[in-house]
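Shown below is the structure under consideration.
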Amino acid sequence: MSYPARVQVVEVGPRDGLQNEPAPVPIAARVALIEALAEAGMTRIEAGSFVSPRWVPQMADTAEVLARLRPRPEVGYAVLVPNLQGLERALASGVREVAVFAAASESFSRRNVNGSIAESLDRFAPVLEAARARDLRVRGYVSCVLGCPYEGDVVPAAVARVAASLHAMGCHEIALGDTIGTGTPLQARRLVERVAADVPMTAIALHFHDTYGQALANILACLELGVSVVDAAVAGLGGCPYAPGAAGNAATEDVVYMLRGMGIETGIDLDVLAAAGRSIASQLGREPASKVARALAAAPPHP
């Protein structure tokens, strides 16, 4: 069985994690979290989004967060954008990567972006065109790839259609999101196999939530196929405003611990990462959801 020698872990906690908090997190705490993640060795960090503050007030101060970050040439900060207005705000903030988001479920698409899947893709076309003209990389998210809170099971062919459309439009990477965390390993593997028939494996990323405790197992099943980009959220932050009951993303600490134990390089310092997770969890008034973070905190100090 073959696994990639190196996996790029994309940190999504500062955006996908914090956007689900009941109240906005202070700017200083968001900046401190991102800086700590960069210190841990994260080279791709989703720092926020330029969606309407009416819909996601937790991300309203993304421009100020980006302005306060220390320049780090080795770290790429990405933001989510829903339209050309969001793209212009991203450009003004100096980011070099943006992300757009579609769904594999019609019901989720209508609740999340107020339009059908086809309508959402049409809206993204000018965003992608403008981003390419300005030499920005664009990531495409596909939500509900292993289940929908409104429709139940989602067939892999439906996911592949959306993923292939985003890739053909110019997205350099397609993140497959198990938004409600219902997937299991063989389902995840079969999904990736089907999507890889239409999208290069090198362009596929995993974005698995851990609602049913399956995220690590699902990631492992897909690594066996050659996927080498995995999204995770420090301290297991997250959920989804449009998927009630969905838990956070796979915890970055747990993902890094697993990969390290398999001899797979990530370039991430687990101890520094865990400290970042404990800090933001304390800011939010709770313990990290990461099992590794809890174990490290309880372990006696190294001699």
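Percent of accessible area on the chain owned by carbon and sulfur, 1.4 Å probe?
Result for the chain: 52 percent of the exposed heavy-atom area is carbon or sulfur.
Report, by chain and number, residues whose modeled amide H sits under 5 Å from the one on V10, excluding near sequence neighbours (fewer than 5 apart, same chain).
Under 5 Å from the amide H of V10: V230, D231, A232.
If you don't mind, there's one more thing I want to ask. With +1 on each Lys and Arg Cβ and -1 on each Asp and Glu Cβ, how big is the dipole of segment 87-141 about its Cα centre, in debye rounded to the nearest 20?
180 debye
Work out the charge dipole of the chain with +1 on the Cβ of Lys and Arg and -1 on the Cβ of Asp and Glu about the Cα centre, then indicate which of L91, M59, V256 is farthest towards its positive end.
Of L91, M59, V256, it is L91.
Which is the longest stretch in the chain that no exposed loop site breaks, taking sites as trypsin sites (Lys or Arg not before Pro) with a DSSP loop state and at most 16 other Cβ atoms within 10 Å?
135-285
Relative contact order of the chain: what whole-number percent is it, with Cα pairs under 8 angstrom and at least 6 residues apart?
20 percent.
Just how large is the dipole of segment 1-104 about the Cα centre, in debye to the nearest 20, putting +1 at every Lys and Arg Cβ and -1 at every Asp and Glu Cβ?
The dipole of segment 1-104 has a size of about 120 debye.
Of the beta bridges DSSP finds with both residues in segment 117-220, what % are antiparallel, to the nearest 5?
Bridges in segment 117-220 are about 10 percent antiparallel.
Skip the ligands, DNA and RNA, and give the accessible area per residue of segment 143-301 with a 1.4 Å probe, whole Å².
Counting only protein heavy atoms, the per-residue value for segment 143-301 is 39 Å².
With θ set to phi - 60°, apply the Karplus curve 6.51 cos²θ - 1.76 cosθ + 1.60 along segment 39-51 and write out the HN-Hα couplings as whole Hz, x wherever there is a Gly or Pro.
Rounded to whole hertz, the list is 4, 6, x, 5, 10, 10, 10, 7, 8, x, 8, 10, 8.
How large is ³J(HN,Hα) for each residue in segment 130-138, as worked out from phi by the Karplus curve 6.51 cos²θ - 1.76 cosθ + 1.60 (θ = phi - 60°), to whole Hz, x for Gly and Pro?
So the Karplus estimates, Gly and Pro as x, are 5, 5, 4, 5, 9, 6, 9, 7, 10 Hz.
Right, another one. Would you compute, from DSSP H runs of 4+ residues alone, the mean residue ellipticity of the chain at 222 nm, taking -39500 (n - 2.57) per run and dividing by the full residue count, rounded to the nearest 500?
Theoretical 222 nm ellipticity from helices: -12000 deg cm²/dmol.
Looking at segment 64-104, which GluC sites (Glu not before Pro) are in a loop (DSSP not H, G, I, E or B) and have at most 14 other Cβ atoms within 10 Å?
Sparse-neighbourhood loop GluC sites (Glu not before Pro): E74.
Amide H of C148 versus every other amide H placed in the peptide plane: which residues, excluding those fewer than 5 positions away on the same chain, fall under 5 Å?
Correct list: D153, V154.
Ordered by residue, what ³J(HN,Hα) values in Hz, to whole numbers, does segment 72-79 give under the Karplus form 6.51 cos²θ - 1.76 cosθ + 1.60, where θ = phi - 60° and Gly and Pro are x?
For segment 72-79, the Karplus-derived couplings read 9, x, 7, 10, x, 9, 10, 9 Hz, x marking Gly and Pro.
Which of Q214, A196, G226 sits farthest toward the positive end of the charge dipole of segment 176-300, with +1 on the Cβ of Lys and Arg and -1 on the Cβ of Asp and Glu?
The residue sitting most towards the positive pole is Q214.
What share of the DSSP beta bridges in the chain is antiparallel, in percent to the nearest 5?
Here the antiparallel bridges make up roughly 5 percent for the chain.
Match the structure shown to one of the listed values (1) 0.92; (2) 1.10; (3) 0.96 of Cα Rg over 2.2 N^0.38 Å, computed from it, and give that label.
(1)
Also: Please state the relative contact order of segment 118-186 as a whole percent: Cα pairs under 8 Å, 6+ residues apart?
It rounds to 40 percent for segment 118-186.
Over segment 1-157, what is the relative contact order in whole percent, taking alpha-carbon pairs under 8 Å and six or more residues apart?
18 percent
The values are calculated or read from the model by the stated rules, or taken from the named source; none is laboratory data. Bear in mind that the values here come from a model prediction, so they are computed numbers and not experimental data. A quick note on method: Cβ atoms are made from the backbone with ideal geometry, for glycine too, and the neighbour counts reach across all protein chains shown. With ligands, DNA and RNA removed, areas are computed over all heavy atoms of the protein, side chains included. Shrake-Rupley method; radii C 1.70, N 1.55, O 1.52, S 1.80 Å.
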